[in-house]
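Here is the structure we will look at.
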Amino acid sequence: MIGILALVFAGLAALLHVYIFMLESVRWSHPNVWRRFGVASQEAADITKPMAYNQGFYNLFLAIGAGIGVVLWSVNGVGDVAGRTLLLFSLGSMLGAALVLTTSGRKYLRPAAAQGTLPLIGFVLAIVA
C-alpha cells in the first residue's frame, strides 16, 4: 500500500513538473503566465524567455525521470532497483530545486512549497516502501 502511495505522489509530482514546463517553455509569452512568475512587463518577459525556456526543460526532464521510475517500479515491483533509484533521484532533484527556490526570498516560499510538497511525500513514501 505504501508503495502504491509513493507511486501516486511521484506521478502527481511528475505531472506538476510537466505543467511547469508548459508554463515556462511553451506559454511564457502570455502575460498571465509571466506575471505569475513575478515578471514586470512584456519586455522583461521577452528578455527572460530563453532562460525560462531552458528552465522549463529541466522540469520536463525531471518529470520524465520520475515517470520512467514510476513505470519501472510498477512493472517490476517494489524490489526493482532501477525504478526505485530513478524515482528517488528525480524526486530528490525536484525537492532540491524547491529548497533552492526558498533561498531566493520570502515571496518564493509559497511556490517552493507547491513545487516541493509532492516530491517530498513521494520520496519519503518510496524510502519507507
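Quick notes on this one:
- Labels on offer are [x] 14, 41, 28, 13, 3, 0; [y] 11, 32, 23, 17, 12, 5, 0; [z] 12, 39, 32, 12, 5, 1, and the one holding P(r) over Cα pairs in 10 Å bins from 0, in percent computed from this structure is [x].
- Dipole size of the chain about its Cα centre, with +1 on Lys/Arg Cβ and -1 on Asp/Glu Cβ: approximately 340 debye, rounded to the nearest 20.
- The helix-only estimate of mean residue ellipticity at 222 nm for the chain, built from DSSP H runs of length n ≥ 4 each weighted as -39500 (n - 2.57), is -27500 deg cm²/dmol after division by the residue total.
Values in this text are rule-based calculations from the coordinates and carry no lab data. Everything quoted here is computed from the prediction, not taken from an experiment. Please note: Cβ atoms are built from the backbone with ideal geometry, for glycine as well, and neighbour counts cover all protein chains shown.
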